[in-house]
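Chemist: The following block contains the structure, expressed as structure tokens.
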Amino acid sequence: MEFKQNFVEQNNTSDLLFPKPTKADKIWTPMTMNNGMSTISSSGDASPDASKAMKKRLLARRRQQRHRARFGNELETLRAEAADLIERVAALQLSKSSKEKAASDDDAMSSSSSLPWRDIAAALYDSAIATLEENQSLRRLDYLRHGHIEAALLQLMRQAPSKCPTAAVATTATWRDSTLLARSDLRALGLDWITLRMYQNTTRMFQEHGFPKSGLVKEFWTGVDAETDTMKYAWRLQCVVNEPMDVLRAAFRAQRTQYRSSVLWFRAMTTDAIYESMDEAGVDGTMKYGRVHTAEDDMKFYYVSREYDYGRDGCVFVGRHIADDEAMPRNRRQRNHLHWLVLEPMEGGQTRIRYLYTKSHQYTTDGRYVSLDEEALTMGCDVRDAPTEERKQAMYQAYATNAVMQCVSEGMLHFAYPIVEARALD
């Protein structure tokens, strides 16, 4: 109502500012000519100056009429917008009051239906206990499942063909087994035959054990012979070192009898293995035959090694354990050891080293293999408390792998020792 009253007052004010013309004011009136143009006609005679003034006044009046029409349209628009805003404000106020009422109703309902805090705490405690029991049950199931999976994998490993052929560590009567006669006139011939057979099988042994033509290989492998159910081991190394082949060859030649005891056992010894040369008169300068033993172990290790030219410019060192030397007392327990070490010159003064070392399960003088418990215990691993044979094998294989890699990192395997010496010489 206030807005309407103001609008009426504004209209009255506009009438005062722009009064409507009276009959007395109608002295001049526009007339339309044939050509459509407006002209000024006079009800009486007038001068040209008066005609111009009247014409200006008429134009000003028309301009004012256009302004008043435009202001009137804007006023109508504003009135419509004001009415729309009033309706919106009323709707918003109604919606706000409805929401406030609903919220108050919800608060009243929640306050009337809420539980005491003691009941809530007891429910949370019961839920936590149930969750802990369920987690413990799932852990037990997971442990059993891993045990079944591990047993199945071990069974598959035993049945599947091995990456390292069985013949590589066999203790059967093949060229890999060895007997050295006691007759002095035959001992040199026997040593020559044993080392020559190893040299002639160098290429085949590297192929059987999967050596690539190039690239880095550094792997210790242990597995179970499916036929004899015994352990077998193989160490593969292929690398390129920044040392000339002549320097490395001289270092290996000078140190090939300085075997460290960790090559025989998967553990560090306090002293190096002691080497005693034998049959020096019956062998040439390329061959070494002697006895290796340590103060910690009473086992004697009869070992022969020999150097050959290999390929165009390379060389190979072969070596093996003599299982049966008729001139020497036999060990109560022993195992077969064989190794091949190939040095090949490369461009830029580098040398490629290819090394293969194999070892068999322990066996007694009558040819019987020792139990897995004794085999592992000799190497420093006690698996006697393991529940199954599969579990014993898994524990021992993991121990052997870790022990060998530890020996490698400390430079305690005999193939790494001459490399260190060669770098010192350089």
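The values are calculated or read from the model by the stated rules, or taken from the named source; none is laboratory data. Computed from a predicted model, the values in this text were never measured in an experiment. Note that we place each Cβ from the backbone using ideal geometry, even for glycine, and neighbour counts take in every protein chain shown.
Chemist: Among 134, 150, which is the only one that is of a type in the set (Asp, Glu), more than 26 Å from residue 317 (Cβ to Cβ), outside the structural domain of residue 375 (by TED's automatic domain parsing) and at pLDDT 85 or above?
Modeler: Working: 150 fails: at pLDDT 85 or above.
Among 134, 150, only 134 is of a type in the set (Asp, Glu), more than 26 Å from residue 317 (Cβ to Cβ), outside the structural domain of residue 375 (by TED's automatic domain parsing) and at pLDDT 85 or above.
Chemist: Here's a follow-up. Of all residues in the range 247-289 being within 41 Å of the chain's Cα centre (by Cα) and at pLDDT 70 or above, which is farthest from residue 304 (Cα to Cα)?
Modeler: Looking at the filtered set, the residue picked out is 247.
Chemist: Quick check: is even one residue across the range 323-330 modelled with pLDDT of 80 or more, in contact with a Ser or Thr (Cβ under 9 Å, 6 or more places away or on another chain), crowded, with 18+ Cβ neighbours inside 10 Å and outside any loop (DSSP other than H, G, I, E, B)?
Modeler: yes
Chemist: What residue, among those in the range 397-408 that are buried (at least 18 other Cβ atoms within 10 Å of the Cβ) and at pLDDT below 80, is nearest to residue 382 (Cα to Cα)? Break it down into steps so the answer makes sense when it comes.
Modeler: Narrowing the range 397-408 to residues buried (at least 18 other Cβ atoms within 10 Å of the Cβ): 397, 399-400, 403-404, 407.
If we keep only those that are at pLDDT below 80 as well, we get 404, 407.
On the way: 404: 17, 407: 19 Å.
So the residue we want is 404.
Chemist: Another question about this same structure. Kindly evaluate residue 162 against the criterion of being among the small types (Gly, Ala, Ser), modelled with pLDDT under 65 and surrounded by 11 or more Cβ atoms within 10 Å (Cβ to Cβ). Write out each step before concluding.
Modeler: Values: among the small types (Gly, Ala, Ser): yes; modelled with pLDDT under 65: yes; surrounded by 11 or more Cβ atoms within 10 Å (Cβ to Cβ): yes.
When the stated conditions are applied, residue 162 passes them.
Chemist: Same structure again: Among the listed residues 343, 413, which satisfies the condition of being closer than 30 Å to residue 247 by Cβ and at pLDDT 90 or above? Write out each step before concluding.
Modeler: Numbers: 413 fails: at pLDDT 90 or above.
It is 343.
Chemist: Quick check, is residue 384 surrounded by fewer than 18 Cβ atoms within 10 Å (Cβ to Cβ), basic (Lys, Arg) and either touching a strand residue (DSSP E or B) at 6+ places or on another chain (Cβ under 7 Å) or outside the structural domain of residue 315 (by TED's automatic domain parsing) (or both)? Give the steps one after another, and end with the answer.
Modeler: Numbers: surrounded by fewer than 18 Cβ atoms within 10 Å (Cβ to Cβ): yes; basic (Lys, Arg): yes; either touching a strand residue (DSSP E or B) at 6+ places or on another chain (Cβ under 7 Å) or outside the structural domain of residue 315 (by TED's automatic domain parsing) (or both): no.
Judged against the criteria, residue 384 is not a match.
Chemist: For the range 178-191, what are the residues that are crowded, with 16+ Cβ neighbours inside 10 Å and either among the hydrophobic types (A, V, I, L, M, F, W, C) or in contact (Cβ under 8 Å) with a residue 40 or more places away in the chain (or both)?
Modeler: Just the residues of the range 178-191 that are crowded, with 16+ Cβ neighbours inside 10 Å, to begin with: 178, 180, 187-188, 190-191.
Of everything in the range 178-191, those that are crowded, with 16+ Cβ neighbours inside 10 Å and either among the hydrophobic types (A, V, I, L, M, F, W, C) or in contact (Cβ under 8 Å) with a residue 40 or more places away in the chain (or both) turn out to be 178, 180, 187, 188, 191.
Chemist: Considering (1) over 17 Å from residue 355 (Cβ atoms); (2) at pLDDT 85 or above, say which one residue 243 fails and leave the rest.
Modeler: Checking residue 243 against (1) over 17 Å from residue 355 (Cβ atoms); (2) at pLDDT 85 or above, the one that fails is (1).
Chemist: Taking residue 426 as the residue in question, decide whether it is surrounded by fewer than 18 Cβ atoms within 10 Å (Cβ to Cβ), of a type outside the set (Val, Ile, Thr), touching a helix residue (DSSP H, G or I) at 6+ places or on another chain (Cβ under 8 Å) and modelled with pLDDT of 90 or more. Even if it seems obvious, please write down each step before you answer.
Modeler: On the way: surrounded by fewer than 18 Cβ atoms within 10 Å (Cβ to Cβ): yes; of a type outside the set (Val, Ile, Thr): yes; touching a helix residue (DSSP H, G or I) at 6+ places or on another chain (Cβ under 8 Å): yes; modelled with pLDDT of 90 or more: no.
So residue 426 does not fit the description; no.
Chemist: Now, a different point. Would you mind stating whether residue 359 is in contact with a Leu (Cβ under 7 Å, 6 or more places away or on another chain) and crowded, with 18+ Cβ neighbours inside 10 Å?
Modeler: On the way: in contact with a Leu (Cβ under 7 Å, 6 or more places away or on another chain): no; crowded, with 18+ Cβ neighbours inside 10 Å: yes.
When the stated conditions are applied, residue 359 does not pass them.
Chemist: Those residues that are of a type in the set (S, T, N, Q) and under 27 Å from residue 369 (Cβ atoms), I need them from the range 206-237; list them, please. Walk me through it before giving the result.
Modeler: In the first step, residues of the range 206-237 are kept if they are of a type in the set (S, T, N, Q); the result is 207, 214, 222, 228, 230.
Matches in the range 206-237: 222, 228, 230.
Chemist: Right, something else. In the range 387-396, what count of residues is obtained for those that are surrounded by fewer than 18 Cβ atoms within 10 Å (Cβ to Cβ) and either assigned to a loop (DSSP other than H, G, I, E, B) or not charged (D, E, K, R) (or both)? Step through it out loud before you land on a result.
Modeler: Just the residues of the range 387-396 that are surrounded by fewer than 18 Cβ atoms within 10 Å (Cβ to Cβ), to begin with: 387-389, 391, 395.
Going one step further and asking which of them are either assigned to a loop (DSSP other than H, G, I, E, B) or not charged (D, E, K, R) (or both), we end up with 387-388, 395.
Total meeting the criteria: 3.
Chemist: Please count how many residues of the range 331-377 are acidic (Asp, Glu), out of contact with any helix residue (DSSP H, G or I) (no Cβ under 9 Å at 6 or more places or on another chain) and assigned to a strand (DSSP E or B).
Modeler: Our first condition is that a residue be acidic (Asp, Glu); within the range 331-377, this holds for 344, 347, 366, 373-375.
From what is left, the residues that are out of contact with any helix residue (DSSP H, G or I) (no Cβ under 9 Å at 6 or more places or on another chain) are 347, 366, 374.
With the extra rule that they be assigned to a strand (DSSP E or B), the set shrinks to none.
Number satisfying all stated conditions: 0.
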